[in-house]
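Below is one structure, written out as structure tokens; the observations come after it.
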Amino acid sequence: MTQEPSTLYAKLLGETASITWKELEPFFAKGALLWVDPDLDLIAAAEAMATDEGEKVAAWLAADKVAKLSETRALDLFERDPELWAVVVSPWIMIQERAKV
């Protein structure tokens, strides 16, 4: 039996968009970007942040699966300019590199 996505999950999915690094640079400068590991579902991570699922989020933070965007990663994104996904969970913008198809 498959579980239906929550209303919040569906809302966040609808608010997720493709974005370029250039568009995200001002938010990086403000310290507002969170990197989400490609192994995680970006929307599920955003939902966990939005609903304050502390244990789950703490585990991801401890495992470096969700992290404040580092200068090293920012430089890599600047140099490669890959396609990114972004979703806002105020005060954060959660980003993830789009999977190569």
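Looking only at region 43-58, decide whether some residue is surrounded by fewer than 19 Cβ atoms within 10 Å (Cβ to Cβ), under 11 Å from the mean Cα position of the chain (by Cα) and part of a strand (DSSP E or B). Step through it out loud before you land on a result.
First, pick out the residues of region 43-58 that are surrounded by fewer than 19 Cβ atoms within 10 Å (Cβ to Cβ): 44, 50-58.
When the remaining residues are screened for being under 11 Å from the mean Cα position of the chain (by Cα), the result is 44.
Of the ones still in play, those that are also part of a strand (DSSP E or B) are none.
Within region 43-58 (the criterion being surrounded by fewer than 19 Cβ atoms within 10 Å (Cβ to Cβ), under 11 Å from the mean Cα position of the chain (by Cα) and part of a strand (DSSP E or B)), the answer is no, since none of the residues qualifies.
Check off (1) surrounded by 13 or more Cβ atoms within 10 Å (Cβ to Cβ); (2) more than 14 Å from the chain's Cα centre (by Cα) for Val36 and give me the number that stays unchecked.
(2)
If you go through region 1-37 one residue at a time, how many are in a loop (DSSP other than H, G, I, E, B) and either farther than 14 Å from Arg73 by Cβ or at pLDDT below 95 (or both)?
Residues that pass the stated criteria total 10.
Is there any pair linking a residue in region 39-56 that is at positive phi to one that is of a type in the set (Ser, Thr, Tyr) and part of a loop (DSSP other than H, G, I, E, B), with Cβ under 6 Å and at least six apart or on different chains, and which?
none
For region 66-78, state whether one or more residues are crowded, with 18+ Cβ neighbours inside 10 Å, modelled with pLDDT of 95 or more, under 11 Å from the mean Cα position of the chain (by Cα) and part of a strand (DSSP E or B).
yes
The values are calculated or read from the model by the stated rules, or taken from the named source; none is laboratory data. As the structure is a computational prediction, the values presented were derived from the model and not from experiment. Glycine gets a Cβ as well: all are built from the backbone with ideal geometry, and neighbour counts include every protein chain shown.
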